[in-house]
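Read the structure below first, then the notes.
Read-outs throughout are calculated quantities, based only on the coordinates presented, and are distinct from any laboratory measurement. This one's a predicted model, so the numbers in the text were calculated from it and none came from an experiment. FYI the Cβ positions are ideal-geometry reconstructions off the backbone, even for glycines, and counts take in every protein chain you see.
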Amino acid sequence: MESQKSLKGLRVLDLTNVLAGPFATLHLALCGAEVIKIETPGSGDLARKLGNVPDYNKINMGTSFLAQNSNKKSLTLNLKDEKAKEIFKQLVKKSDVVVENFRPGVMKRLGLSYDVLSEINPGIIYCAISGFGQTGPDAFKPAYDQIIQGLSGVMAINGDERLNPLRAGFPVCDTVGGVNAAFAIMVALFYREKTGKGQFVDIAMLDSIMPYMGWVAANLLIGGKHPVLMGNDNFTAAPSGTFVTKDGYINIAANKQEQWEDLCDVLGVPELKEDARFKERDTRKGNRKELTPLLEAKLKEKETAFWAEALNAKGIPSGEILSLNDALHQPQVEYRKALAEVDTPGVGKIKVFNLTAKFDKTNGDVDTPPPTLSQHTEEILKELGYSDEEIKSFKENKVV
């Protein structure tokens, strides 16, 4: 028996490109929504050309695209063409959500703004994702992830005195913007369930990332203290950060007083518990530069794996610092089925992420591979009632 999916029956029209928008609609697709990517004929989503495998880029299946587009359909429409606009409007009549990440004003110039679409379908939820939002002094500025990392303060708080500013190692603002959009769409759907009314949702990457710095921002906004560059150390506690071992590094987070005391016992330095520099939490934080070498002198006597097992056994959160490859293939990740294998046309079997939330009554699995460009165009047009002759004419006139 096929397992149930919570968003089955929901139709999403996805006009987004690259990451923030596709990441949002990916989560809806994994939960069972029918997500139709509306792509430009011939080129499609820019991410189709992005990735580290040139052969995949040449066939419009770049690794960046493959990562974000499982369970979706691909329909090509030249939205500058009046016939294509009419096809899109026909789809809007039978859809629940529209998601786009153009610059503000683009959809209005195309004659496909929320005001127009909501006249066609009053229940439509229209989510616009952009760098700075639809309003405000910076609304019309172009934005990529790194630009937002810099403007949000993220780069300013990363690194240490030797390496700062420092960007996060993955497009965190794009990704968080996508998560925020998916969350907002679900809220709007819940509101529609109660009222029958759709609405316009305005998502800015800049807005989206800043609350994720909650503790750091609160120290400034409420406590009046500017962030201090601490590299791999945790500003809330000590010892809490990255430490050298015999064969590499280990993360240790002895954030509670009892964890600190247990750490001293496991390392064989019980005298540090009574040392005036380290006895109390706040004093210990102020003397972390003196404390770290004393702990590392002991940690360097044995390998990381030994210490991680010994410390975790005493309830002291600890862990190896894994390579990305090791992280993706560790037993816990495999047990949780975070990754799925799917056979993809032109590429072969690839591994992509499943929905990582686990539900006991619904699921969020990868069922179909990322679509080839225009793979579902005929299927969708026929569903809308267009004849073979009309579809042939659309293709000849580059409508689709």
Exercise. From a point 7 Å beyond the Cα of R277 in the direction of its Cβ, which residues of region 225-257 have a backbone N at a distance under 14 Å?
Worked result: 239
Exercise. Taking other Cβ within 10 Å of each residue's Cβ, how do H226, H376, H329 sort, fewest first?
Worked result: H226, H329, H376
Problem set entry | Lys, Arg +1 and Asp, Glu -1 on Cβ, resulting dipole of region 249-320 about Cα centre, debye, nearest 20 | 280
Problem set entry | Inter-label distance for E296 and K382, nm, one decimal - labels placed 7 Å from Cα along Cα-to-Cβ | 6.6
For this session: Could I have the simple spin-label model distance between K58 and F306, label points 7 Å from Cα toward Cβ, reported in nm to one decimal?
Result: 5.2
For this session: Enter the Cα centre distance for the pair region 174-246 and region 101-160, rounded to the nearest angstrom.
Result: 18
Exercise. For the residue pair L339 and V228, what label-to-label distance in nm results when each label sits 7 Å from Cα along the Cα-to-beta-carbon direction?
Worked result: 4.0
Exercise. If you stretched the chain out fully between L221 and K392, how much longer would it get, using 0.36 nm times the residue separation minus the C-alpha to C-alpha distance?
Worked result: 55.5 nm
Exercise. Once the convex hull of the C-alpha atoms of region 138-184 is built, how many Å³ does it hold per residue, rounded to a whole number?
Worked result: 85
Problem set entry | Estimated 222 nm signal from helices in the chain, with DSSP H stretches of n ≥ 4 weighted -39500 (n - 2.57), rounded to 500 | -11000 deg cm²/dmol
Problem set entry | DSSP-assigned coil residues among trypsin sites (Lys or Arg not before Pro) in region 356-397, each with at most 16 further Cβ atoms within 10 Å | K358, K361
Seminar exercise, completed: Note on region 249-320: contact order normalised by length, alpha-carbon pairs under 8 Å, 6 or more apart, percent, works out to 46
For this session: Give, in whole angstrom and from largest to smallest, the semi-axes √(5λ) of the equivalent ellipsoid of the chain, with λ running over the eigenvalues of the Cα gyration tensor.
Result: 48, 24, 19
Exercise. Which loop chymotrypsin sites (Phe, Trp or Tyr not before Pro) in region 19-120, with loop taken from DSSP, have no more than 11 other Cβ atoms within 10 angstrom of their Cβ?
Worked result: none
For this session: Count the DSSP beta bridges whose two residues both fall in the chain, then state the antiparallel fraction as a percent rounded to the nearest 5.
Result: 40
